[in-house]
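The values are calculated or read from the model by the stated rules, or taken from the named source; none is laboratory data. Just so it is clear, the structure is predicted and the values come from calculations on it, not from any experiment. Heads up, the Cβs are rebuilt from the backbone with ideal geometry, glycines too, and the neighbour counts pull from every protein chain shown.
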């Protein structure tokens, strides 16, 4: 997928998906440091939508909140 396609998907579907899930704008959007995610056009799109964006530090998977959830889930299942 290229940056233009990624932007198109977010532009057309992100807010609609949030609305369908009844999140309104009460959510935080996170993406990694893939070049299409960090492009100036992406920053402009997210800013224009007034979205809360959680920046992803370079090479820091430990900061990914899902990893902590998965660890807790694994412990609970055992």
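Points worth noting:
- In region 33-52, the qualifying residues are those that are loosely packed, with under 13 Cβ neighbours inside 10 Å and part of a loop (DSSP other than H, G, I, E, B), and the one that is modelled with the highest pLDDT is 50.
- Where residue 56 falls short, out of the listed (1) in contact with a strand residue (DSSP E or B) (Cβ under 7 Å, 6 or more places away or on another chain); (2) outside any loop (DSSP other than H, G, I, E, B): (2)
- Some residue of region 7-23 being outside any helix (DSSP H, G or I), at pLDDT 85 or above and surrounded by 11 or more Cβ atoms within 10 Å (Cβ to Cβ): yes
- Tallying residues that are more than 18 Å from residue 48 (Cα to Cα) and within 11 Å of the chain's Cα centre (by Cα) within region 16-32 yields 1.
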